[in-house]
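The values are calculated or read from the model by the stated rules, or taken from the named source; none is laboratory data. Just so it is clear, the model here is predicted, and its values are computed rather than measured. A quick note on method: Cβ atoms are made from the backbone with ideal geometry, for glycine too, and the neighbour counts reach across all protein chains shown. Areas reflect the complete protein model, heavy atoms only, side chains present, ligands, DNA and RNA absent. Shrake-Rupley method; radii C 1.70, N 1.55, O 1.52, S 1.80 Å.
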Amino acid sequence: MSNKPHCFTEADLNVLQAQAGVMNGIDILLTHQWPVQVMKFVKKPDNFAEPKGVRLLAHLVNTIKPRYHFASGPHYERLPYRNHKILHEKAQYCTRFISLDCVGNKTKSKWLYAFNIVPMKHISDADLRKQPVETTENPYIEIEKEKQKEEDKKQYFYTAGDKRKMPATRQGPDRKKEACWFCLKSPNVEKHLVISVGASMYLALAKGALQNDHVMIVPTNHIKCQQYLDDNQQQDVQKFKRALQRLYRANKKCTTVFSREVYQLRTCRYIVYPSKILC
């Protein structure tokens, strides 16, 4: 986490993405800054000074896809945009971006917004995916393409002096991460097994449980083995361990913990389960 209260880092946003990954969707997102290129595909109002956008926020918004995104700045209400490519992807709900001015601003620009919203978990898929007539394309498409190009470059490794580059194998790290069912960002993750998500680790039920209360402590991002865990991740592991120890002790059981590294998937996890007899 950033040590400045008014700042955030890419790691902070990765945590939000991981937490959002175990939810069925995000209704409302509040940010202070604007995402970059949010006004793409719409006509800019006369004499309107668009605030400087943040590229990381654009990626975050495009990833978690909130129904409403509120930001701070000059008052502006963007036309809703769709979160899918027509004829290429399954239809999804649209997102509305709304910027509100400072309270009591001198220009009396709008700083209050009243609306009714029904949480998406209470709306049918058909109603949720209805598109308003003036819905535009996703303004962050180019941002995602650029990010994908940057990730593609990581598929190569360089020799000394960067004089030669070799393509990574087809079963390189990125492909393994994509196939990993432990990564919260992976399409293969089984969200119904997730119990709790921390800042950098999460707790989940085991697919092939040895017994009742058999759980796993897993990094939200890929970590090759426990030796690569940083201080914050180690603290998260200890928090989950202590909580589980209290739970098992309350049921007159002791705790067994061991780590396991899955080389083929390049990730690690802690296996935790109770013993039947109190130690």
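If we scan segment 57-74, do we find a residue that is touching a residue at least 24 places away in the same chain (Cβ under 8 Å), touching a helix residue (DSSP H, G or I) at 6+ places or on another chain (Cβ under 7 Å), surrounded by fewer than 16 Cβ atoms within 10 Å (Cβ to Cβ) and not in a strand (DSSP E or B)? Break it down into steps so the answer makes sense when it comes.
Narrowing segment 57-74 to residues touching a residue at least 24 places away in the same chain (Cβ under 8 Å): 57-74.
Among the residues that remain, those that are also touching a helix residue (DSSP H, G or I) at 6+ places or on another chain (Cβ under 7 Å) are: 58-60, 62-64, 67, 69.
Filter once more, so that each one left must be surrounded by fewer than 16 Cβ atoms within 10 Å (Cβ to Cβ): none.
Looking through segment 57-74, none of the residues is touching a residue at least 24 places away in the same chain (Cβ under 8 Å), touching a helix residue (DSSP H, G or I) at 6+ places or on another chain (Cβ under 7 Å), surrounded by fewer than 16 Cβ atoms within 10 Å (Cβ to Cβ) and not in a strand (DSSP E or B).
Name every residue in segment 83-127 that is outside any loop (DSSP other than H, G, I, E, B), modelled with pLDDT under 95 and open to solvent by 30 Å² or more (accessible area, probe 1.4 Å), in order of residue number.
Scanning segment 83-127 gives Lys121, His122, Asp125, Ala126, Asp127.
When Pro80, Pro51 are checked against the criterion of being over 23 Å from Val197 (Cβ atoms), out of contact with any Lys or Arg (no Cβ under 8 Å at 6 or more places or on another chain) and either among the polar types (S, T, N, Q) or open to solvent by less than 60 Å² (accessible area, probe 1.4 Å) (or both), Pro51 stands alone in meeting it. Inspection of segment 151-162 identifies no residue that is among the β-branched types (Val, Ile, Thr), touching a Cys at 6+ places or on another chain (Cβ under 7 Å), open to solvent by less than 80 Å² (accessible area, probe 1.4 Å) and modelled with pLDDT under 85. Among the residues making up segment 121-148, those that are in contact with a Phe, Trp or Tyr (Cβ under 7 Å, 6 or more places away or on another chain) and closer than 23 Å to Leu57 by Cα are Thr135, Thr136, Glu137, Asn138, Pro139.
For the list (1) surrounded by fewer than 16 Cβ atoms within 10 Å (Cβ to Cβ); (2) among the hydrophobic types (A, V, I, L, M, F, W, C); (3) at pLDDT below 90, I need the number of the one condition that Ile143 fails. Against the list (1) surrounded by fewer than 16 Cβ atoms within 10 Å (Cβ to Cβ); (2) among the hydrophobic types (A, V, I, L, M, F, W, C); (3) at pLDDT below 90, Ile143 comes up short only on (1).
Residue selection: Ile64 satisfies the criterion of being of a type outside the set (D, E, K, R) and at pLDDT below 95. Of all the criteria given as (1) open to solvent by less than 30 Å² (accessible area, probe 1.4 Å); (2) in contact with a His (Cβ under 8 Å, 6 or more places away or on another chain); (3) farther than 20 Å from Ile141 by Cα, the one not satisfied by Ala18 is (2).
Looking only at strands (runs of 3 or more DSSP E) that fall completely inside segment 183-279, which ones have 3 or more residues that are without any contact (Cβ under 8 Å) to a residue 40 or more places away in the chain and open to solvent by 30 Å² or more (accessible area, probe 1.4 Å)? Break it down into steps so the answer makes sense when it comes.
On the way: elements: 194-197, 201-205, 215-219, 254-262, 267-275.
Answer list for segment 183-279: 254-262.
Among the residues of segment 32-48, just one is open to solvent by 60 Å² or more (accessible area, probe 1.4 Å) and either assigned to a helix (DSSP H, G or I) or among the hydrophobic types (A, V, I, L, M, F, W, C) (or both), namely Phe41. Please verify whether Leu29 is open to solvent by less than 40 Å² (accessible area, probe 1.4 Å) and either among the acidic types (Asp, Glu) or under 30 Å from Leu203 (Cβ atoms) (or both), treating the condition exactly as stated. The answer is yes for Leu29.
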